[in-house]
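The block underneath contains the structure these notes are about, expressed in structure tokens.
The values are calculated or read from the model by the stated rules, or taken from the named source; none is laboratory data. Owing to the predicted nature of the structure, the values given are computational and were not obtained by experimental measurement. Reconstructed Cβ throughout: ideal geometry from the backbone, glycine too, with neighbour counts over all protein chains shown. With ligands, DNA and RNA removed, areas are computed over all heavy atoms of the protein, side chains included. Shrake-Rupley method; radii C 1.70, N 1.55, O 1.52, S 1.80 Å.
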Amino acid sequence: MKKYFSVLLFANICLAVNAQNKSDKEPYLTKSLSGETVNSVRAETSGGNISVTGGNQSDSRVEVFIWQNGNKLKALSGDELKVKVDEDYDLDVSVKDSKLTVTAKPKHRITDWKKALNFSFRIYVARNVTTGLETSGGNIELAGLSGNQEFTTSGGNLALKDLDGKIKGRTSGGNISFRDLKDDVDLTTSGGNIQAENSSGSINISTSGGSIELSGLKGNIKASTSGGNIGGETIEGDLSAHTSGGNVSLHGLNCGLKAGTSGGNIDVSVASIVKDISINNAAGNVNLTIPRNKGIDLKLYANRISTETLQDFKGKNTKEEINGTLSGGGIPVKVDAGGGKINLEFN
């Protein structure tokens, strides 16, 4: 039997409404979902935050928080707020065919931004739930979910924890932070920084204007930024790290590596050479530390190369080019520093 409930009926089924007018206070309303089957969540709001947390089905619920843009001048009472919501907005919290919908949309154009309301949602559901989330100005938080998650915000941050499945998120102006993610991760910001921790799988992250920090990652990892630095440590699998204008600093690597920058310096230390290493720098310097006594096909090109004595080396060795084999050859290690310098060390 299909189950359906709407916020328009909440007055008749004991909605929790109170006079608090701030999103960090008590919710405007709380609706229990303990008797509902929810497999997917769709949430949309224009000015507030959205959070979805996976947990016990018995604790499933939706909390709606509302505040007015100009509420510092005059806070609305609980009754005034309810009247304004009913007159100016379509607020819908409904379940139909196992899909939870939580949306807040204005019924008409509101010309005075001080009189506009912002709606934030906190949603608690079971773990195995997919999401589709959208907010124009707020943050998005996801935790404890398994399945396909797709979400976007025009001005807020993305904070993600303990997710597995296909995860795709976009923000135009905020930062991205995540940890304990698995499987397929695709995250982009146009203006913020990215911090990635303790995650695995296919990870694709990019920012147009910020820096990227990587730690404890495993899998096929692609990280790119147009204007910031890239830093990382303790990475396994394959790593592609590129920046157009910043520095690259990567340490404790046990992975294949493709790294490059057009305007900064590169500092890389490899704990174990397991796959190809390729580093390109158009104008800056490259510091590279690799394991000693490993079979390597070594190719270095730069304006100037400095290194300690190469043991068991065969090939060409000049101040501008080193091209040959170490310990009989093996995994390719190639560095092109363009007009910069290369400093090669062994650990």
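Side notes on the structure shown:
- Estimated dipole of the chain in Debye, rounded to 20 [Cβ of Lys and Arg +1, of Asp and Glu -1, Cα centre]: 360
- For the chain, the longest principal axis of the alpha carbon atoms and the long axis of helix 78-88 meet at an angle near 80°.
- Looking at the chain, the DSSP beta bridges with both ends there are about 20 percent antiparallel.
- Gyration tensor (alpha-carbon) shape descriptor, the range 225-308, a/c threshold 1.5: oblate
- Estimated Rh, the range 206-347: Kirkwood, alpha-carbon pairs, angstrom: 14.9
- Antiparallel %, DSSP beta bridges [both residues in the range 218-347], to 5: 15
- Rg(Cα)/(2.2 N^0.38 Å) for the chain, N = residue count: 1.29
- Inter-label distance, nm, simple model (7 Å from Cα along the C-beta direction), residue 320/residue 346: 2.7
- Peptides 233-240, 80-87 ranked from most to least packed, by the mean per-residue count of other Cβ atoms within 10 Å: 233-240, 80-87.
- Per residue, the range 85-147 exposes an accessible area of 46 Å² to a 1.4 Å probe, with every protein chain left in place.
- Within the range 37-104, antiparallel bridges make up roughly 55 percent of the DSSP beta bridges whose residues both belong there.
- P(r) of the range 119-241 over all Cα-Cα pairs, binned every 10 Å from zero, in whole percent: 15, 49, 31, 6, 0
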